[in-house]
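Visitor: Sharing a structure with you now.
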Amino acid sequence: MGSFPLNDLFLPRDALFLGFDSSTQSLKATVLDSNLNIVTSQQVHFHSELPHYKTQDGVYRDPSINGRIVSPTLMWVEALDLVLQKLSNSNLDFGKIAAVSGSAQQHGSVYWKNGASAMLSSLDSRKPLVDQLRDAFSTKESPVWMDSSTTAQCREIEKAVGGALELSKLTGSRGYERFTGPQIRRMFETQPDVYKNTERISIVSSFMASLLIGAYASIDETDGAGMNLMDIKQRIWSKIVLEATAPGLEEKLGKLAPSHAVAGHICSYFVERYNFNKDCLVIQWSGDNPNSLAGLTLSRPGDLVISLGTSDVVFGVTKDPQPRLEGHVLPNPVDPESHMVMLGHKNGSLMREDVRNRCAEKSWDVFNQFLQQSPPLNGGKLGFYYKEHEIHPPLPVGFHRYILDNFTGESETLEGLNEFEVQEFDPPSEIRALIEGQFLTMRAYSEKFGMPSPKGIIATGGASANQNILHSIASIFGCNVFTVQQSDSASLGAAVRAAHGWLCNKNRSFVPITCMYGSLEKTSLSCKLAVTPGDQQLVNKYSLMMKKRMEIESRLVQKLGRC
């Protein structure tokens with residue numbers, strides 16, 4: 001850690017820093033003081049608190065177009081006023097907030113119509129945002145990260161640059177259906193009038209920042225890397241990919257900016273409506289996983305982070321990125337000299353909730369009882385569970401269950417280890433097959449991607465509060481698992497980035513974020529040991545089960561896969 005405590009770098013002692021997280025299902029806000037301790041937090045859950053949008057889990061699933069999943073853009077607008085009103089009701093002194101930043105679900109795209117900039121720059125503090133921006137968008141629905149309707153566009157863009165691996169080397173990722181570039185190309189091809197009537201395309205993070213500054217905010221370099229449009233080495237838009245995506249796209253995207261840069265001052269709407277200080281800075285927003293990285297990996301360098309949310313994500317930091325066909329490379333939002341490497345798995349918390357509802361009386365207590373009743377390794381029972389089109393592995397919606405014949409895990413090879421497929425498991429076995437399957441897959445792909453064997457794992461997200469799930473992670477990865485004070489690491493990391501951006505602006509140059517930390521044990525970033533891996537023999541047995549699982553998966557991909 002840096003040798004300078006926070007206040008030695010002249011962060012005001014009474015200053016507050018606000019971080020948002022605009023996720024798939026909710027908008028969260030976390031406020032930190034100048035010692036990086038949580039002052040207050042609030043949340044707006046889209047499904048329950050904004051029911052008039054009629055979303056399910058924050059999205060619409062289009063039954064007429066396979067894989068098309070979108071969110072109503074205005075829902076995010078309305079949620080911003082609502083969460084700020086909640087903070088106001090908690091007696092937060094907005095005048096003390098020195099800087100704001102935010103996190104957002106990655107890859108989603110927002111389409112501002114021609115003339116919308118004038119609406120954005122003339123917001124009236126006497127009226128809610130949602131009433132003033134109803135006509136600001138050329139389409140009222142934003143494709144989000146769950147969307148998988150752009151397979152054809154992915155292949156078209158890959159072909160234009162010389163193939164999937166070339167696109168990965170150029171932009172940090174091969175063509176992925178949920179990425180913004182393919183979303184934009186599909187919009188151009190299927191709704192050309194919408195594309196023509198669009199003057200600016202934001203991603204969710206830059207969209208939310210635009211609301212706060214009352215003008216179009218730049219896309220930050222880290223979240224921009226999740227678009228299949230940015231040259232990962234030069235951190236500029238790639239001309240060849242832009243041309244392969246849609247005409248006139250660079251003008252519609254605007255400029256890129258470093259993650260620590262100032263997007264602008266908070267606009268008069270929020271000064272007059274909520275009493276923000278007019279000098280409050282808005283630091284560039286970024287993606288949810290980069291924001292989690294900002295707050296978490298610094299607290300235990302060298303570790304991997306597993307984020308257990310709507311999607312499950314594993315990520316870490318490297319100074320020598322090697323883009324491949326699997327996974328993603330993005331600039332580190334708080335260190336220009338390194339990159340974050342990341343792997344996403346779509347079927348996370350919603351898949352766990354689905355199995356809970358079917359097998360455990362819709363009760364997490366029953367779910368955990370069944371998980372404890374079923375032994376590790378599950379008697380050789382393996383399951384593949386996909387409620388959404390999966391990324392890693394590239395498999396469609398469906399459930400597949402197998403039993404390994406006479407599996408004990410004692411052997412060191414797969415020789416003679418046969419499996420047979422079954423239609424169903426009993427509830428305890430189903431639950432363990434799901435949990436073990438999710439993390440065996442995560443470990444297998446992190447090793448395949450070249451991530452180092454972790455010295456420890458930091459677990460975050462909603463499911464990180466479940467000790468039984470953490471025990472499975474520790475046993476499968478064979479290392480200690482840590483948790484943090486607040487499971488919502490994205491809004492926490494955004495508040496940390498707000499403080500960091502304020503500091504960089506004050507010093508008129510980039511300042512290493514590690515210089516902000518004195519004793520981390522006294523902050524909201526402190527980690528605590530949650531579980532240990534225990535029996536090393538069990539870890540070895542899981543390694544054998546993982547190899548067998550990947551063998552079965554390979555056959556499934558050949559039979560059913562889309563990529």
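The values are calculated or read from the model by the stated rules, or taken from the named source; none is laboratory data. Since the model is a prediction, treat every value here as computed from it, not as a measurement. Positions of Cβ are generated from backbone atoms using ideal geometry, with glycine treated the same way; all protein chains shown enter the neighbour counts.
Visitor: Quick check on my filter: what residues within the stretch 102-135 are part of a strand (DSSP E or B) and under 26 Å from residue 192 (Cα atoms)? Steps first, please.
Guide: Within the stretch 102-135, the first condition is being part of a strand (DSSP E or B), and the residues that meet it are 102-104, 109-113.
Selection gives 109, 110, 111, 112, 113.
Visitor: Here's another thing I want to ask about it. Which numbered condition trips up residue 63, out of (1) more than 20 Å from residue 139 (Cα to Cα); (2) modelled with pLDDT under 95?
Guide: All conditions pass for residue 63, except number (1).
Visitor: Please go through the stretch 245-265 and pick out each residue that is part of a helix (DSSP H, G or I), under 26 Å from the mean Cα position of the chain (by Cα) and of a type outside the set (Val, Ile, Thr).
Guide: Keep residues of the stretch 245-265 that are part of a helix (DSSP H, G or I), which gives 245, 249-253.
Those still in the list that are under 26 Å from the mean Cα position of the chain (by Cα) too: 245, 249-250, 252-253.
Answer for the stretch 245-265, where residues must be part of a helix (DSSP H, G or I), under 26 Å from the mean Cα position of the chain (by Cα) and of a type outside the set (Val, Ile, Thr): 249, 250, 252, 253.
Visitor: Could you list all residues from the stretch 196-208 that are in a helix (DSSP H, G or I) and either touching a residue at least 60 places away in the same chain (Cβ under 8 Å) or touching a strand residue (DSSP E or B) at 6+ places or on another chain (Cβ under 7 Å) (or both)? Outline the logic, then answer.
Guide: Just the residues of the stretch 196-208 that are in a helix (DSSP H, G or I), to begin with: 196, 204-208.
Across the stretch 196-208, the qualifying residues are 204, 205, 206, 207, 208.
Visitor: Please determine whether any residue of the stretch 294-303 is free of Cβ contacts under 8 Å to residues at least 40 places away in the same chain, out of contact with any His (no Cβ under 7 Å at 6 or more places or on another chain) and assigned to a loop (DSSP other than H, G, I, E, B). Don't jump to the end; show me each part of the working.
Guide: If we filter the stretch 294-303 for residues that are free of Cβ contacts under 8 Å to residues at least 40 places away in the same chain, which is where we start, we get 301.
Narrowing the set further to residues that are out of contact with any His (no Cβ under 7 Å at 6 or more places or on another chain) leaves 301.
If we keep only those that are assigned to a loop (DSSP other than H, G, I, E, B) too, we end up with 301.
Yes, the stretch 294-303 contains a residue that is free of Cβ contacts under 8 Å to residues at least 40 places away in the same chain, out of contact with any His (no Cβ under 7 Å at 6 or more places or on another chain) and assigned to a loop (DSSP other than H, G, I, E, B).
Visitor: Anything in the stretch 312-352 that is out of contact with any Asp or Glu (no Cβ under 9 Å at 6 or more places or on another chain) and of a type in the set (A, V, I, L, M)? List them, or say none.
Guide: 314, 325, 329, 334, 340, 341, 342 - these are the residues of the stretch 312-352 that are out of contact with any Asp or Glu (no Cβ under 9 Å at 6 or more places or on another chain) and of a type in the set (A, V, I, L, M).
Visitor: Same structure again: Specify which of the listed residues (224, 175) is crowded, with 24+ Cβ neighbours inside 10 Å, assigned to a helix (DSSP H, G or I) and of a type in the set (Gly, Ala, Ser). Even if it seems obvious, please write down each step before you answer.
Guide: Numbers: 175 fails: assigned to a helix (DSSP H, G or I).
224 is the lone residue from the list that is crowded, with 24+ Cβ neighbours inside 10 Å, assigned to a helix (DSSP H, G or I) and of a type in the set (Gly, Ala, Ser).
Visitor: Just one of 450, 461, 478 is at positive phi and in contact with a Pro (Cβ under 6 Å, 6 or more places away or on another chain); which is it?
Guide: Working: 450 fails: in contact with a Pro (Cβ under 6 Å, 6 or more places away or on another chain); 461 fails: in contact with a Pro (Cβ under 6 Å, 6 or more places away or on another chain).
After ruling out the rest, the residue left standing is 478.
Visitor: Give the residue, chosen from 446, 475, that is buried (at least 17 other Cβ atoms within 10 Å of the Cβ) and closer than 17 Å to residue 312 by Cα. Even if it seems obvious, please write down each step before you answer.
Guide: Numbers: 475 fails: closer than 17 Å to residue 312 by Cα.
So the residue among 446, 475 that is buried (at least 17 other Cβ atoms within 10 Å of the Cβ) and closer than 17 Å to residue 312 by Cα is 446.
Visitor: Now, a different point. For the stretch 401-460, give me the residue count where each residue is out of contact with any Phe, Trp or Tyr (no Cβ under 9 Å at 6 or more places or on another chain), among the hydroxyl-bearing types (Ser, Thr, Tyr) and farther than 30 Å from residue 303 by Cβ.
Guide: 3
Visitor: Of the numbered conditions (1) in a helix (DSSP H, G or I); (2) more than 18 Å from residue 277 (Cβ to Cβ); (3) touching a helix residue (DSSP H, G or I) at 6+ places or on another chain (Cβ under 7 Å); (4) not small (Gly, Ala, Ser), residue 86 fails exactly one; give the number of that condition.
Guide: For residue 86, the exception is condition (3).
Visitor: So, one more: Output the number of the condition that residue 178 fails; it satisfies all remaining conditions of (1) touching a Ser or Thr at 6+ places or on another chain (Cβ under 9 Å); (2) modelled with pLDDT of 95 or more.
Guide: The failed condition is (2).
Visitor: Okay, moving on. For the stretch 403-418, give me the residue count where each residue is modelled with pLDDT of 95 or more and out of contact with any helix residue (DSSP H, G or I) (no Cβ under 6 Å at 6 or more places or on another chain).
Guide: Qualifying residue count for the region: 0.
Visitor: Looking only at the stretch 337-382, filter to residues that are surrounded by 19 or more Cβ atoms within 10 Å (Cβ to Cβ) and over 24 Å from residue 546 (Cα atoms); which one of those is nearest to the chain's Cα centre (by Cα)?
Guide: That would be 340.
Visitor: I would also like to ask the following. Does at least one position in the stretch 391-403 carry a residue that is touching a strand residue (DSSP E or B) at 6+ places or on another chain (Cβ under 9 Å), part of a loop (DSSP other than H, G, I, E, B), over 19 Å from residue 345 (Cβ atoms) and in contact (Cβ under 8 Å) with a residue 40 or more places away in the chain? Before you say what the answer is, go through the steps one by one.
Guide: Let us first name the residues in the stretch 391-403 that are touching a strand residue (DSSP E or B) at 6+ places or on another chain (Cβ under 9 Å), namely 391-393, 395-403.
Restricting the remaining residues to those that are part of a loop (DSSP other than H, G, I, E, B) gives 391-393, 395-397.
Checking the rest, the ones that are also over 19 Å from residue 345 (Cβ atoms) come to none.
Scanning the stretch 391-403 turns up no residue that is touching a strand residue (DSSP E or B) at 6+ places or on another chain (Cβ under 9 Å), part of a loop (DSSP other than H, G, I, E, B), over 19 Å from residue 345 (Cβ atoms) and in contact (Cβ under 8 Å) with a residue 40 or more places away in the chain.
Visitor: Return the residues of the stretch 488-514 that are of a type outside the set (Phe, Trp, Tyr) and surrounded by fewer than 18 Cβ atoms within 10 Å (Cβ to Cβ); say none if nothing qualifies. Quick ask: steps written out before the conclusion?
Guide: Applying the first criterion (of a type outside the set (Phe, Trp, Tyr)) to the stretch 488-514 yields 488-501, 503-509, 511-514.
Within the stretch 488-514, 505, 506, 507, 508, 509, 512, 514 qualify.
Visitor: Which one of the conditions (1) more than 30 Å from residue 329 (Cβ to Cβ); (2) modelled with pLDDT under 95 does residue 83 fail to meet, given that it meets all the rest?
Guide: Just one mismatch for residue 83, condition (2).
Quick grid of which residues meet (1) buried (at least 23 other Cβ atoms within 10 Å of the Cβ); (2) in contact with a strand residue (DSSP E or B) (Cβ under 9 Å, 6 or more places away or on another chain); (3) in a loop (DSSP other than H, G, I, E, B):
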{"site": "32", "(1), (2), (3)": "yes, yes, no"}
{"site": "35", "(1), (2), (3)": "no, no, yes"}
{"site": "39", "(1), (2), (3)": "no, yes, no"}
{"site": "43", "(1), (2), (3)": "no, yes, no"}
{"site": "48", "(1), (2), (3)": "no, no, no"}
{"site": "63", "(1), (2), (3)": "no, no, yes"}
{"site": "66", "(1), (2), (3)": "no, no, yes"}
{"site": "71", "(1), (2), (3)": "yes, yes, no"}
